[in-house]
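Worksheet: the structure to be examined is printed underneath.
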2 protein chains.
Amino acid sequence: MRSNLATDQETVGAADAPELPSVRQRAVLDAVLGLMVEDGDQLTMDAVARRASCSKETLYKWFGDRDGLLTATVQWQASRVHAGRDAVQSLDGATLREHLQDFAVTWLTVITSESSVALNRIAVAHAGSRKSNLGGIVLANGRFAIGERVKPVLEAGRAAGLLAFADSEAAFRTFFGLVGRDIQIRLLLGEVLDLDGDEIRRDAGRAVEQFLALYGRAEP
Amino acid sequence: MRSNLATDQETVGAADAPELPSVRQRAVLDAVLGLMVEDGDQLTMDAVARRASCSKETLYKWFGDRDGLLTATVQWQASRVHAGRDAVQSLDGATLREHLQDFAVTWLTVITSESSVALNRIAVAHAGSRKSNLGGIVLANGRFAIGERVKPVLEAGRAAGLLAFADSEAAFRTFFGLVGRDIQIRLLLGEVLDLDGDEIRRDAGRAVEQFLALYGRAEP
DNA sequence: CGCGTACCGTACCGTACAGTACGCCGGGTA
DNA sequence: TACCCGGCGTACTGTACGGTACGGTACGCG
């Protein structure tokens, strides 16, 4: 069921069928991303077609309509973010810390990236008008995806006697708050923060320490 | 040239001059708010004029252009949020807790309100395109305004030996994160959360306890 | 070779919406 | 009474943009 029999690509990203885009289609989606980042409101179908050197008719054939194109773009961007799902075993305090640090760094890197900011802006704007659930998709691939990856780690930490909490969702949300703080909303509202790698690592470290201070147990 | 009495209202909310709107103008701005909340993208100048029973020409006369109207609306909404600035004196542990609880409840109430969500959506969407700094205004009246109100309390708490921190801005940002967590982004992206008063109070209480666990000092 | 298919480029259509022009009314002033 | 003038309603203009139609080109296949 893979691509490259260059025949009859159907509408991509249409709600249920996540049928991955062909190479050419991915190029189009990258063009969309590029336009979003450069100038959020210059995202017209004409501009996309020009940038991607394809015809509008092809865009409509592949993606149905403008919303379809945006949806496909969101999913394409999402698909290259959550790379690996890591199995958790044998946690000691150091590896727990390490895992959490990793998550925090990853998350901060994502939300401070230009493409994430641009994408979230589009999705937020879209959420205002009903129809076409871009916001839901972004949430599912961002906030909720990371939650589903972190919670098993937290639970493993609890199983190993390193953490104490009743509700892993609540614990995760606290972690989320400690990591993100006001960063995302400030970026979305147009403030320029540019954190470099060091700053992100420092921030992540602080968040992890605070989280462990709240939920950690003295290691046996 | 002009008799500057109750006549001759100039353009409102034009960048520098915060010249507060007249009663009639406030009614217009309320109409804008109403439209925003009801259906974010139905916010056309025609719709506003119809809703407020005024002519478009008047809108343009008063507010210059669409951005001016939006800006004035944001400022109008902001002006009725931060009601009182409370002088801080004689903090003991209980009143510190109480103050923080108050801030947290206020903030959660604001960010979960429909008008705030709608307004932030507009501002975020606007921040994508340059020109007209709606995002900055929202930040200044939201995130930063609350920060400026909380930090003196934190510093008073430190002066009273109840809190320990080096940087009040950093401490506040942690507080902010603990209070807001993922709520605002989820709402902006279209999730429906509707927290009632009880839930907000519980949430606020948890955040305050966590903050004090991180920054509190055993009271002498 | 002719035929179908996939796609590009461009011209085109309809509509929505920001912004403008103008006629009319009602109330304040003399 | 006459006359301003602020503001209402509505009709109008220009344009940007989503979506469609169509001609032209390259390529694979019988």
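The values are calculated or read from the model by the stated rules, or taken from the named source; none is laboratory data. Everything quoted here is computed from the prediction, not taken from an experiment. So basically every Cβ, Gly included, is an ideal-geometry build from the backbone, and we count neighbours across all protein chains shown. When the accessible area is computed, the model is the full protein with side chains, heavy atoms only, and any ligands, DNA or RNA have been set aside. Shrake-Rupley method; radii C 1.70, N 1.55, O 1.52, S 1.80 Å.
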- Restrict the check to region B:63-82 and report whether at least one residue is touching a helix residue (DSSP H, G or I) at 6+ places or on another chain (Cβ under 6 Å), outside the structural domain of B:Ser115 (by TED's automatic domain parsing), over 20 Å from B:Leu139 (Cα atoms) and among the hydrophobic types (A, V, I, L, M, F, W, C). yes
- Message: I need a count of the residues in region A:20-40 that are open to solvent by 80 Å² or more (accessible area, probe 1.4 Å) and within 15 Å of DNA strand C (Cβ to nearest atom).
- Response: 3
- Message: Take the residues in region B:35-51 that are assigned to a helix (DSSP H, G or I), within 16 Å of DNA strand D (Cβ to nearest atom) and within 16 Å of B:Ala72 (Cα to Cα); name whichever of them is farthest from the other protein chains (Cβ to nearest Cβ).
- Response: B:Ala49
- Query: In region A:172-196, what count of residues is obtained for those that are among the small types (Gly, Ala, Ser) and touching a residue at least 40 places away in the same chain (Cβ under 8 Å)?
  - Reply: 1
- Message: Every residue in region B:178-199 that is more than 8 Å from every other protein chain (Cβ to nearest Cβ) and open to solvent by 10 Å² or more (accessible area, probe 1.4 Å), please.
- Response: B:Leu187, B:Val192, B:Leu193, B:Asp194, B:Leu195, B:Asp196, B:Gly197, B:Asp198, B:Glu199
- How many of the residues in region A:47-72 are of a type in the set (Phe, Trp, Tyr) and over 22 Å from the mean Cα position of the chain (by Cα)? 2
- Looking only at residues in region A:141-164 that are within 15 Å of the chain's Cα centre (by Cα) and without any contact (Cβ under 8 Å) to a residue 24 or more places away in the chain, which one is surrounded by the most Cβ atoms within 10 Å (Cβ to Cβ)? A:Phe144
- Considering residues of region B:122-165 that are small (Gly, Ala, Ser) and on the phi > 0 side of the Ramachandran plot only, the residue modelled with the highest pLDDT: B:Gly161
- Does region B:52-65 include one or more residues that are within 16 Å of DNA strand D (Cβ to nearest atom), touching a residue at least 24 places away in the same chain (Cβ under 8 Å) and touching a strand residue (DSSP E or B) at 6+ places or on another chain (Cβ under 9 Å)? yes
